[in-house]
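The values are calculated or read from the model by the stated rules, or taken from the named source; none is laboratory data. Keep in mind the model is a prediction, meaning the values are calculated, not measured. All Cβ positions, even for glycine, are placed from backbone atoms using ideal geometry, and neighbour counts span all protein chains on display. Heads up: the accessible areas ignore ligands, DNA and RNA and are worked out on the full protein's heavy atoms, side chains in. Shrake-Rupley method; radii C 1.70, N 1.55, O 1.52, S 1.80 Å.
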Amino acid sequence: MSSLAAARADNFYYPPEWTPDQGSLNKFHGQHALRERARKLDQGILIIRFEMPFNIWCGGCNSMIAKGVRFNAEKKQVGNYYSTKIWNFTMKSACCKHQIVIQTDPKNCEYVIISGAQRKTEEYDIEDAETFALPADEERGKLADPFYRLEHEEEDLQKKKEAEPVLVRLQRVSDARHADDYSLNKALRAQLRSQKKRIAEEETASRKKGLGIRLLPATEEDTATAAKMKFSSKFERNRKDKRALINATSIFSSSGSVPSDKSRLVLESKRRKIRAGATSNLLAGGFKPSSLSGNGISSSRHKSSSVAVRKF
């Protein structure tokens, strides 16, 4: 920003046609010092930035407006409480443009909602909040009486005598617990060492299993869930067939026996396909497995005989 623009923004720029006898710059320009904030000043209204003093419910859309939310409000004096002015603030909510009117209450040092909203009631229990109950206005006024104050002090002393044994006992327990710093430090260090050792063992076990995360210790619930897991019979049968085939094959087999192993694997796969097809047809209401097996065997024999004839 140039110096001329900065001077105009700060209202420090004096044009050449201005003379000192014309008064201030605001008078020369015919405007108020507060600019747009004072556009309703002839009605006794000043535009200010108002901050919500407590949580309220909007009267238009019933949404909550939190404490501390700021509004452009119209400030106007509506009365006096002795020599203290009573101010009225009129604003529009941002949620539904509903008009809200709030007024000061100098007597109770509080704000009062006149219209357009409802204050959110927030009550709490003194015991839950762990705070002290403040004396009521009547009791606060009675404390000015010396006799009442003397009786009140006697009650406080009596409560102190009743609670003193409990406080002393708690203090002794706390002192005994923190008396031996060496033992407390030793126990804490031992606990930390065992925890680090357990974490290292869990990470080592996870790395052995090829996992990138640390597994939690096994529980009885995990063991029971794993015991209830059952794999399908087809998977078990295929696994047993493969294991039997591997066990029957010799590891010292020559190169000439390799094709027989391959043909055996092909034959086993065909058998599994025939079993699967027979099962699916039986479930669909087709022919019986015996006829399937017979037809399969006869067809295979027919094919083998035809192949043999062609060879001869």
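A few remarks follow.
- Pair K196, R214: separation of 7 Å Cα→Cβ label points (nm): 1.2
- Taking only protein heavy atoms and a 1.4 Å probe, the accessible area of segment 155-206 is 55% carbon and sulfur.
- Potential extension, V78-L41 segment - 0.36 nm per residue separation minus Cα distance: 11.9 nm
- Listed by chain and number, the aspartates and glutamates whose alpha-carbon sits under 14 Å from that of K40, ignoring those within fewer than 8 places in the same chain, are E74.
- Partner lysines whose Cα lies under 24 Å from the Cα of K120, excluding those fewer than 8 positions away in the same chain, are identified as K67, K75, K92, K97, K107.
- Between R275 and I113, the modelled labels are 7.7 nm apart [label points 7 Å from Cα along Cα→Cβ].
- Partners of K209 within straight-line reach, counting lysines whose Cα lies under 26 Å from its Cα and excluding those fewer than 8 residues away in the same chain: K196, K197, K228, K230, K240, K242.
- Annotation: extensible slack from H29 through L143 equals 34.9 nm (criterion: 0.36 nm per residue apart, minus Cα-Cα distance).
- Note on E236 and R70: the extension gain reaches 52.6 nm, defined as 0.36 nm multiplied by sequence separation minus the Cα-Cα distance.
- Solvent-accessible heavy-atom area per residue, rounded to whole Å², over segment 161-257 at 1.4 Å: 94
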